[in-house]
Amino acid sequence: MVRARLSLFCAVVLLAASCDHKSAAVTSPTPSPPSTDVDPLKDAAAMSGRLVGAAVQSAFLGDPRYTHVFDRHFNYVTAEYEMKWATTGRSPDVEDFGAGDAIAGYAESRGMRIKGHALIWHGSVPSWVNALSASELRSAFENHIRSTAAHYRGRVLAWDVVNEAVADDGSGLRDTVFRQKLGDQYIANAFRLAREADPQALLFYNDYGGEGLTAKSDRIYDLVRDLVAQGVPIDGVGLQMHVSAANPPPDAGIAANMRRLADLGLRVNISEMDVRVRDVPGTLQARLDVQRSVYRSIVAVCVAEPRCDAVTFWGVSDAHSWIYTQYGPDNPLLFDEQYLAKPAFYGVMDAFRRR
Ligand code: XIL
């Protein structure tokens, strides 16, 4: 089947929303040039044929420092949580797409592309869903995918359809409410429902811990290979890339993993990148220099892989990051808490410029 595909080579940007993320970056010891003085990342990414994205929260879209950096540097946007089921489906009877629509409208008004995230994820299930019987869950699952994908039909370039379905040790599928009550075929069904509801959107499987060659990435590979073999409508795999600069996945493993996925006929992308530095020894400046190197080399792997078409960072600046609630204070993103470009920014710029 030939489907009109939206070009990936477009402009993007961001959003905002209410969230409890603390500002926990460590203050940078050396001044950086204001982000307005550095070249737009999206121009360098476009030269390499890639989209460059950021996860945004709708609540931050009213902050001019935030939007200035977002607008200047990014051309692809992922809603950090606003399009997830726990947000859209707080009530069993009423769907609420307001916060997601705020992000989508912002992005569209600036010519940015939108990545829908994420239709089915065990980490964002409305509380009422957990109490459903198997047949009730099947109905709710189908309604949620159909109505969410239909709501954003024609507006999103891609959807993360199923997120994090593989167990961390790579032993098999993660034991979720979906698997328990709907069986393993919930994954194939989610993709089929999404394709029916939005035939134009690129449909991705998205996960973490399977960036390089690991037991988990082997299992993810097996999963998507089987989906492709069964004719399930899947277009690509997102590698989240939440990594530590103290122990990043080896570049060669990431490259080999991307290539084997590409050999299945799939696209790949880096979908949620951030690089923690708290476990790197030395001064803050030394840690930020190591971070620059990790960002450069991993983004360069994407730029060298013809089927890797986008790199998204999981936040705009160190002023707000999900990492702080997960791991504690850190400096994981491309811009510091003052929205100034960090060494990491220049590392990513070098990668897009193939330097
Ligand atoms: C996180 C968001 O950053 C938080 O705002 C939210 O509270 C929980 O989810 N993998 C994913 C993302 O696929 O959706 C997660 O985002 C981070 C891990």
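The values are calculated or read from the model by the stated rules, or taken from the named source; none is laboratory data. Small disclaimer: the values here were computed from a predicted structure and weren't measured. All Cβ positions, even for glycine, are placed from backbone atoms using ideal geometry, and neighbour counts span all protein chains on display. Heavy atoms of the whole protein, side chains included, go into the accessibility calculation; ligands, DNA and RNA do not. Shrake-Rupley method; radii C 1.70, N 1.55, O 1.52, S 1.80 Å.
The mean accessible area for residues of the chain, using a 1.4 Å probe and ignoring ligands and nucleic acids, is 37 Å² per residue. Largest accessible area first, the listed residues Trp85, Trp121 line up as Trp121, Trp85 when surface is computed with a 1.4 Å probe on the assembled protein chains. Computed from the C-beta positions of Gln338 and Ala229, the FRET efficiency with R₀ = 51 Å rounds to 0.55.
What is the list of residues in segment 190-204 whose amide nitrogen lies under 18 Å from a point 7 angstrom out from the Cα of Ala150, following Cα to Cβ? Zone members listed by number: 190-201. Kindly state, to the nearest 0.05, the FRET efficiency for Asp37 paired with Asp222, given R0 = 45 Å and r defined as their beta-carbon distance. Once the sixth-power term is evaluated, E becomes 0.40. Val125 contributes about 30 Å² of solvent-accessible surface, heavy atoms of the protein only, 1.4 Å probe.
Could you calculate the FRET efficiency of Ser297 with Glu142 from 1/(1 + (r/R0)^6), where r is the beta carbon distance between them and R0 is 51 Å, rounded to 0.05? Once the sixth-power term is evaluated, E becomes 0.75. Rounded to the nearest 10 degrees, the angle from helix 98-109 to the longest Cα principal axis of the chain is 60 degrees.
So in segment 2-352, what percent of DSSP beta bridges are antiparallel if you round to the nearest 5? Close to 10 percent. Measuring only protein heavy atoms, the 1.4 Å probe finds Tyr339 accessible over about 10 Å². Modelled label positions at Arg65 and Ser135, each set 7 Å beyond Cα in the direction of Cβ, lie 5.6 nm from each other. The alpha carbon centroids of segment 115-130 and segment 168-240 are separated by 15 Å.
In the chain, helices alone account for a calculated mean residue ellipticity at 222 nm of -11500 deg cm²/dmol, with every DSSP H run of four or more residues adding -39,500 (n - 2.57). The label point for Asp175 and the one for Met47, both projected 7 Å from the Cα toward the Cβ, are 5.2 nm apart. Across segment 146-199, the mean sequence separation of Cα contacts (distance under 8 Å, 6 or more residues apart), normalised by length, yields a relative contact order of 53 percent.
Close amide H pairs (under 5 Å, H built 1.01 Å from N) link Val166 with Arg174, residues at least 5 positions away or on another chain. Counting only alpha carbon atoms, the long axis of helix 134-151 and the longest principal axis of the chain meet at about 50°. Label-to-label distance for Gln200 and Ala286 is 5.3 nm, based on points extended 7 Å past Cα in the beta-carbon direction. Across Asn331, Asn130, Asn75, mean-square fluctuation computed from a Gaussian network of the chain (C-alpha pairs under 10 Å connected) peaks at Asn130. Relative to the longest principal axis of the Cα atoms of the chain, the long axis of helix 343-352 makes an angle of roughly 70 degrees. Ligands, DNA and RNA excluded, the heavy atoms of Leu137 present near 0 Å² of accessible surface to a 1.4 Å solvent probe.
May I ask you to give the percent of accessible area on the chain that is carbon plus sulfur, with a probe radius of 1.4 Å? List each step's numbers first, then the result.
Details: 6700 of 13130 Å².
Heavy-atom surface of the chain belonging to carbon and sulfur, 1.4 Å probe: 51 percent.
Of all aspartates and glutamates in the structure, the ones whose alpha carbon falls short of 14 Å from that of Lys181, not counting any fewer than 8 places away in one chain, are Glu136, Glu142. Take every Cα pair under 8 Å whose residues are at least 6 apart in sequence, average their separation, divide by the length of segment 43-125, and the relative contact order is 32 percent. Taking a straight line from the alpha carbon of Lys42, these lysines sit under 20 Å away, with near neighbours fewer than eight places off in the same chain left out: Lys115, Lys342.
The mean sequence separation of alpha-carbon pairs under 8 Å and at least six residues apart, normalised by the residue count of the chain, gives a relative contact order of 20 percent.
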